[in-house]
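Note sheet for the following structure.
The values are calculated or read from the model by the stated rules, or taken from the named source; none is laboratory data. Remember, it's a predicted structure, so these values are computed and weren't measured experimentally. Here the Cβ positions follow ideal geometry from the backbone for every residue, glycine too, while neighbour counts run over all protein chains shown.
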Amino acid sequence: MAGLVAAPRSGFAQAPMSQVSAYAFRFEGLSGDAIALADFADKPILVVNTASQCGYTPQYTGLQALWARYRDRGLMIIGVPSNDFGGQEPGGASEIAKTAHDEYHVTFPLAAKASVKGAAAHPFYRWAATERPLETPRWNFHKYLIGRDGRLKAAFTSAVDPSDPGVIVAIETELRT
């Protein structure tokens, strides 16, 4: 499972899990509506930082395929456009929507553009960095899988395609629990 960010081996410090779950967070939607993670309690959620002008942008196709395959079983996917890596999301909401909706036919929810790293990161991404400090986004299309319990269950690097067997197994495991 290349690209899956594994838990640290014994001897490495892992931050203790906080009392806060992913359900404490919300994103502003691309069209202004709120996307509250609590609205998807008891469902697995794949949160992916996206960009319109990235070499990984074609992963929108794979994310849409996951959404089509698993949404009726409870999977939620949320795209979070970010300009943090290489300035690859320079446009506003209309440009982001044009790429995602018109070019890649994305129908899963998209958040408004947000920062995903550093002090200015969206609170969800600051929480995720605290939960799993070795598994933070290093580029666009980093994927976090939130379990049905609201806890961070897996992280997949940008190079891991949404159709990768490791992603599929992790999602199916969460759908079964």
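The table below lists the values:
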item	result
Among the candidates Glu135, Glu174, residue that is modelled with pLDDT under 95 and under 16 Å from the mean Cα position of the chain (by Cα)	Glu135
One residue from Ala112, Ala119, Ala97 being touching a Gly at 6+ places or on another chain (Cβ under 7 Å), surrounded by fewer than 21 Cβ atoms within 10 Å (Cβ to Cβ), over 20 Å from Asp161 (Cα atoms) and among the small types (Gly, Ala, Ser)	Ala112
Failed item in (1) at pLDDT 95 or above; (2) more than 11 Å from Val47 (Cα to Cα); (3) of a type in the set (D, E, K, R), with Lys143 passing the rest	(2)
Test set (1) over 15 Å from the mean Cα position of the chain (by Cα); (2) farther than 17 Å from Tyr144 by Cα; (3) at pLDDT 95 or above; (4) not basic (Lys, Arg) - Gly29 fails condition number	(1)
Any hit, the range 43-60, residues being free of Cβ contacts under 8 Å to residues at least 24 places away in the same chain and touching a strand residue (DSSP E or B) at 6+ places or on another chain (Cβ under 9 Å)	no
Some residue of the range 70-86 being touching a residue at least 24 places away in the same chain (Cβ under 8 Å), under 22 Å from Pro123 (Cα atoms) and surrounded by fewer than 18 Cβ atoms within 10 Å (Cβ to Cβ)	yes
In the range 107-164, the residues that are of a type outside the set (Ser, Thr, Tyr), without any contact (Cβ under 8 Å) to a residue 40 or more places away in the chain and out of contact with any Ser or Thr (no Cβ under 9 Å at 6 or more places or on another chain)	Gly118, Ala119, Ala120, Arg126
Looking only at the range 85-134, and only at residues there that are touching a Pro at 6+ places or on another chain (Cβ under 7 Å) and among the β-branched types (Val, Ile, Thr), the one that is farthest from Gln64 (Cα to Cα)	Val116
Test: residue in the range 128-142 that is more than 18 Å from Phe25 (Cβ to Cβ) and assigned to a helix (DSSP H, G or I)	yes
The range 53-69, subset out of contact with any Pro (no Cβ under 8 Å at 6 or more places or on another chain) and small (Gly, Ala, Ser), residue nearest to Pro123 (Cα to Cα)	Gly55
